[in-house]
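Presented below is the structure to which this report refers.
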Amino acid sequence: MPSSRHLQLTAGQERQWTLSRHGFGGQGATDLEQAATQHMGLHAARLLTPFVTLHARNESFVPEHLQQALAPQGHLVKLRCMRRTLHILTPEDAVVAHVATLPQRRGAYLAELRRRGLSTAAWKRHRDTVLEVLAVSPTEYRALVAAVSGAYRVRGGSKVAKELAVLAVKSLWEDGALSAFNESTSMHHEVKVFLRAEHHRPDTELVNPSLSYQDAIRRLILRYFECYGPATFRDFVWWSGVRMSDARAALDACLPLLTSAKLDSHDSIMYLRADDEDALRRTPEISPTHTALTAYEDPSLKGYHESRRRYVADDAYDSLFNSIGEARGSVLVGGSTAAIWTWDRRHGRVDVDVVRQLPKRSRDAIADVTAGAEQFLRLHAVER
């Protein structure tokens with residue numbers, strides 16, 4: 001169990017440890033599976049986020065490799081899971097994440113069904129039709145909705161039929177019965193194609209897996225503290241979207257495998273995997289010149305909430321986070337936010353706003369990494 005005498009860490013040690021674990025500073029993953037494993041999934045709610053995330057950690061990353069990994073029979077899985085958002089995971093982590101977060105996602109689509117006043121019986125018929133259509137071949141999303149909504153005459157006409165079809169596809173995807181992939185050859189554009197999950201990855205069972213909900217949450221919390229520790233319990237609850245009571249029970253069950261820690265810059269108790277304690281003790285302070293580019297909604301920032309001020313000063317907080325709490329693309333210097341960058345797609349350039357005073361050496365380093373991001377985005381800016 002965590003000792004009453006918590007592991008004492010400096011903010012500089014934590015920043016060096018976490019950024020190294022996430023592939024920065026020459027520690028980039030050698031393959032896509034390793035990168036996904038390092039973060040317990042790559043955040044993918046925005047099309048460009050996983051591509052820029054991988055580029056920032058490994059300049060030799062080729063976008064086509066990720067597209068191939070997500071295609072049918074590929075070795076990575078994209079699904080909605082933590083906080084009902086898209087992540088790219090290994091098959092093993094996908095099962096854990098899916099089972100642990102299914103109640104929050106299932107509850108959301110059932111609530112939508114009730115809110116719209118839609119017939120449960122009609123919705124179930126539309127679900128059956130989705131599976132019948134996809135038994136023949138993978139189908140682009142809009143074509144799938146059109147085919148399913150046109151299969152029945154329902155009270156309320158075509159508008160209600162389309163609502164039922166959309167919710168049928170969404171609910172089956174949430175349940176794990178469907179998979180989706182991007183058929184576009186460009187990382188800037190999406191042509192979403194759906195297929196039955198067993199046709200996408202026959203070896204990954206998301207519907208009725210042997211893993212129980214309670215075991216899944218325990219595995220998820222251990223994977224979280226392996227990837228993001230030291231972090232707080234509330235960080236995990238926010239990151240995962242798991243109910244507080246279920247998360248607390250999982251934490252209590254996993255305490256023998258965790259070490260508690262305190263940062264000199266944060267009051268709350270934090271946790272990490274006990275296996276990592278010795279290595280973390282030996283971790284040096286981060287270099288004040290350490291420079292790392294992060295993507296919009298980068299997992300290294302998205303993984304925290306209660307303790308997110310570890311990587312941003314108070315006067316730069318509103319620059320880093322938008323009005324709904326999403327983390328903008330940034331550059332960290334010495335482990336702390338130093339600049340915000342945005343991709344101007346229309347003009348094919350990266351715009352940079354430095355948010356704190358820095359020596360010329362660090363300003364030059366920011367210019368270098370953002371120029372690299374611009375070159376990466378421009379090189380692969382193909383419309384279709």
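The values are calculated or read from the model by the stated rules, or taken from the named source; none is laboratory data. If you're wondering where the values come from, they're calculated on a predicted model, not measured in any experiment. Cβ sites come from the backbone with ideal geometry, for glycine too, and all protein chains shown count toward neighbours. Keep in mind that these areas ignore ligands, DNA and RNA; they rest on the heavy atoms of the full protein, side chains included. Shrake-Rupley method; radii C 1.70, N 1.55, O 1.52, S 1.80 Å.
Every condition in (1) of a type in the set (S, T, N, Q); (2) over 15 Å from Gly335 (Cα atoms); (3) out of contact with any Pro (no Cβ under 9 Å at 6 or more places or on another chain) is met by Thr259 except one, and the failing one is (3).
Of the residues making up the range 76-86, those that are crowded, with 21+ Cβ neighbours inside 10 Å and farther than 18 Å from Ala177 by Cβ number 2. Contact map, the range 356-377: residues that are in contact (Cβ under 8 Å) with a residue 40 or more places away in the chain paired with residues that are open to solvent by less than 50 Å² (accessible area, probe 1.4 Å) and of a type in the set (Phe, Trp, Tyr), Cβ distance under 9 Å, separation 6+ or inter-chain. Pairs shown: Ile366/Trp341; Val369/Trp341; Thr370/Trp341; Ala373/Trp341; Phe376/Phe51; Phe376/Phe61; Leu377/Phe51.
Exactly one residue out of Gln73, Gln38 is out of contact with any Leu (no Cβ under 8 Å at 6 or more places or on another chain), open to solvent by 40 Å² or more (accessible area, probe 1.4 Å) and of a type outside the set (Lys, Arg), and it is Gln73.
Mind listing whichever residues of the range 125-151 are open to solvent by 30 Å² or more (accessible area, probe 1.4 Å), part of a helix (DSSP H, G or I) and farther than 23 Å from Asn208 by Cβ?
Keep residues of the range 125-151 that are open to solvent by 30 Å² or more (accessible area, probe 1.4 Å), which gives 125, 127-128, 131-133, 135-138, 140-143, 146-147, 150-151.
Subsequent filtering for residues that are part of a helix (DSSP H, G or I) retains 125, 127-128, 131-133, 135-136, 141-143, 146-147.
Those that are open to solvent by 30 Å² or more (accessible area, probe 1.4 Å), part of a helix (DSSP H, G or I) and farther than 23 Å from Asn208 by Cβ: Val136, Tyr141, Arg142, Ala143, Ala146, Ala147.
Would you check if there is a residue in the range 152-160 being open to solvent by 20 Å² or more (accessible area, probe 1.4 Å), farther than 22 Å from His75 by Cα, in a helix (DSSP H, G or I) and in contact with a helix residue (DSSP H, G or I) (Cβ under 6 Å, 6 or more places away or on another chain)? Steps first, please.
Filtering the range 152-160 for residues open to solvent by 20 Å² or more (accessible area, probe 1.4 Å) gives 152-160.
Filter once more, so that each one left must be farther than 22 Å from His75 by Cα: 152-160.
Next, from what is left, pick out any that are in a helix (DSSP H, G or I): 157-160.
Right, trim to in contact with a helix residue (DSSP H, G or I) (Cβ under 6 Å, 6 or more places away or on another chain) and you get none.
No, the range 152-160 contains no residue that is open to solvent by 20 Å² or more (accessible area, probe 1.4 Å), farther than 22 Å from His75 by Cα, in a helix (DSSP H, G or I) and in contact with a helix residue (DSSP H, G or I) (Cβ under 6 Å, 6 or more places away or on another chain).
Condition check for Pro2 on (1) within 17 Å of Pro299 (Cα to Cα); (2) modelled with pLDDT under 95: one failure, at (1).
Whether any residue in the range 180-197 is in a helix (DSSP H, G or I), open to solvent by 40 Å² or more (accessible area, probe 1.4 Å) and under 30 Å from Pro50 (Cβ atoms) is what I want to check.
Pass one, the range 180-197, residues in a helix (DSSP H, G or I): 197.
So of that shortlist, the ones also open to solvent by 40 Å² or more (accessible area, probe 1.4 Å) come out as none.
No: zero hits.
When the range 209-246 is filtered for residues that are in a loop (DSSP other than H, G, I, E, B) and open to solvent by less than 20 Å² (accessible area, probe 1.4 Å), the ones remaining, listed by number, are Gly229, Pro230, Thr232, Val242.
Of all residues being of a type in the set (A, V, I, L, M) and crowded, with 16+ Cβ neighbours inside 10 Å in the range 355-379, which is farthest from the chain's Cα centre (by Cα)? Just the residue, please. Outline the logic, then answer.
Going residue by residue through the range 355-379, those that are of a type in the set (A, V, I, L, M) are 355, 358, 365-367, 369, 371, 373, 377, 379.
Checking which are crowded, with 16+ Cβ neighbours inside 10 Å leaves us with 355, 358, 365-366, 369, 373, 377.
Values: Val355: 26, Leu358: 31, Ala365: 27, Ile366: 25, Val369: 23, Ala373: 20, Leu377: 20 Å.
Result: Leu358.
The rows are residues; the columns are (1) under 19 Å from the mean Cα position of the chain (by Cα); (2) assigned to a loop (DSSP other than H, G, I, E, B).
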residue: Thr289; (1), (2): no, yes
residue: Glu297; (1), (2): yes, yes
residue: Leu301; (1), (2): yes, no
residue: Tyr304; (1), (2): yes, yes
residue: Ala316; (1), (2): no, no
residue: Leu332; (1), (2): no, no
residue: Ala338; (1), (2): no, no
residue: Val352; (1), (2): no, no
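Among the residues that make up the range 67-77, is at least one of them over 22 Å from Leu195 (Cα atoms) and not basic (Lys, Arg)? Step through it out loud before you land on a result.
Of all residues in the range 67-77, those over 22 Å from Leu195 (Cα atoms) come to none.
So far as the range 67-77 goes, no, none of its residues is over 22 Å from Leu195 (Cα atoms) and not basic (Lys, Arg).
With respect to the conditions (1) hydrophobic (A, V, I, L, M, F, W, C); (2) part of a loop (DSSP other than H, G, I, E, B); (3) within 28 Å of Met82 (Cβ to Cβ); (4) touching a strand residue (DSSP E or B) at 6+ places or on another chain (Cβ under 8 Å), Leu293 falls short on a single one, namely (2). For the range 318-330, a tally of residues being under 23 Å from Ala36 (Cβ atoms) and more than 15 Å from the chain's Cα centre (by Cα) returns 1.
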